[in-house]
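Read through the structure below, which is laid out as structure tokens, and then see the notes.
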């Protein structure tokens with residue numbers, strides 16, 4: 001189905017098996033405005049927070065070997081999480097943090113990027129990908145595939161892990177001025193079985209490009225889908241099924257967007273930034289994958305800033321520039337009913353996610369808040385500001401949040417907490 005691209009499936013020798021995580025499956029790729037806000041939020045993590053104590057076994061395990069450890073609950077909880085009333089939590093080993101992008105869930109497993117303490121001699125650290133079995137709290141640790149490259153999105157599905165690594169290049173590689181901080185990247189996408197096997201190169205950048213062109217794969221049942229930049233400035237919607245020699249191109253588009261999976265339906269949302277960069281005019285397409293070639297059918301259009309999420313045939317978004325104050329808006333795909341505003345007004349919106357078909361979690365300068373479509377005028381704020389918080393993730397009725405203490409208080413653990421919701 002579609003045309004085969006890239007060399008796929010060549011085992012890479014001498015590489016430690018790896019795994020890393022980054023949340024359920026939606027992530028905003030309209031980066032022109034969202035990323036600066038998320039970066040600003042990440043900077044808040046160094047501002048200092050509250051107390052707590054935890055234990056983690058085997059904290060000295062080497063990142064250069066296939067090792068495991070067991071995480072332990074934290075008690076007492078940090079003040080920022082007490083109002084959440086978590087059903088469970090796990091503390092990271094001393095000095096280790098969870099990357100601000102949050103966690104991805106697949107069955108009983110969670111996957112995320114773990115950031116170790118910085119080296120005393122170099123001031124740098126090498127991230128690892130961790131896969132946590134929520135039943136046993138046992139962790140599989142995996143090193144980066146390629147030294148010097150930065151880990152990105154990772155996703156689990158059917159016992160397989162796909163993860164992306166990218167490398168920032170000098171601006172001249174993208175036709176810009178020479179700069180070590182240029183928005184210019186190359187990337188590689190690897191796949192491997194979680195419990196055995198080596199990483200296999202599935203795809204890589206055809207040429208250097210902006211960070212928005214780095215893929216964000218999703219697990220789609222027994223296969224994986226993602227978008228990637230192609231030669232000639234186009235974008236390709238790709239699918240790879242374990243066992244296939246390489247990914248197949250299903251659709252060619254003029255630009256990249258954000259992919260969302262909703263109950264087996266794939267949506268593609270493409271956007272165009274406003275002149276001032278405050279909002280993006282977005283168009284959502286339902287992508288049919290059962291035909292010989294994929295077909296994109298337009299099903300919704302909306303304008304907003306920051307992140308958005310699709311679930312249960314609804315799109316939740318912030319209908320204003322993300323640095324303004326306003327309420328979350330929810331529209332029904334297909335226009336069967338008028339959009340509705342939910343929750344109390346938030347200030348400095350970052351992103352949101354669905355927990356259940358009726359419940360949302362929002363993340364902003366105002367902190368974490370829970371909104372319920374059945375009670376649209378109310379919000380339950382369970383963390384009063386964004387200091388120490390990462391991106392919240394919802395998955396099948398469970399909310400996952402990570403809380404990071406300031407580096408200066410390294411004796412306090414980073415906490416991964418979760419709460420289950422019936423509906």
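No lab work stands behind these numbers, since they all come straight from the coordinates. Fair warning: this is a prediction, and the values are worked out from it, not measured in the lab. Glycine gets a Cβ as well: all are built from the backbone with ideal geometry, and neighbour counts include every protein chain shown.
Peptides 254-265, 202-213, 328-339, 105-116 ranked from most to least packed give 105-116, 202-213, 254-265, 328-339, packing being the mean of other C-beta atoms within 10 angstrom over each peptide's residues. By the beta-carbon count within 10 Å of each Cβ, the least crowded to most crowded order of 299, 132, fewest first, is 299, 132. Can you tell me the FRET efficiency between residue 147 and residue 380 if r is taken as the Cβ-Cβ distance and R0 is 60 Å, rounded to the nearest 0.05? After rounding, the FRET efficiency stands at 0.85.
Distance between the C-alpha centres of segment 91-111 and segment 222-265: 26 Å, rounded to the whole angstrom.
Of the peptides 274-285, 135-146, the ranking by mean beta-carbon count within 10 Å, highest at the top, reads 135-146, 274-285. Taken along the Cα-to-beta-carbon direction at a fixed 7 Å, the label points for residue 173 and residue 420 span 4.6 nm. When each of the peptides 84-90, 220-226 is scored by how many other beta carbons lie within 10 Å of its residues on average, the order from highest to lowest is 220-226, 84-90.
Under the simplified labelling scheme, the residue 108-residue 265 pair shows an inter-label distance of 3.3 nm, with each label point 7 Å from Cα along Cα→Cβ. Label separation (residue 347 vs residue 325): 0.6 nm, computed from points 7 Å beyond Cα along the C-beta direction. Based on the alpha-carbon gyration tensor of segment 118-257 and its eigenvalue square roots a ≥ b ≥ c, which shape applies: rounded if a/c is under 1.5, prolate if not and a/b is larger than b/c, or oblate? Verdict is oblate for segment 118-257. What FRET efficiency comes out for the pair residue 298/residue 275, r = Cβ-Cβ distance, R0 = 25 Å, nearest 0.05? Efficiency, from the Cβ-Cβ distance: 0.60.
The calculated FRET efficiency for residue 196 paired with residue 231, based on their beta-carbon distance and R0 = 22 Å, is about 0.05.
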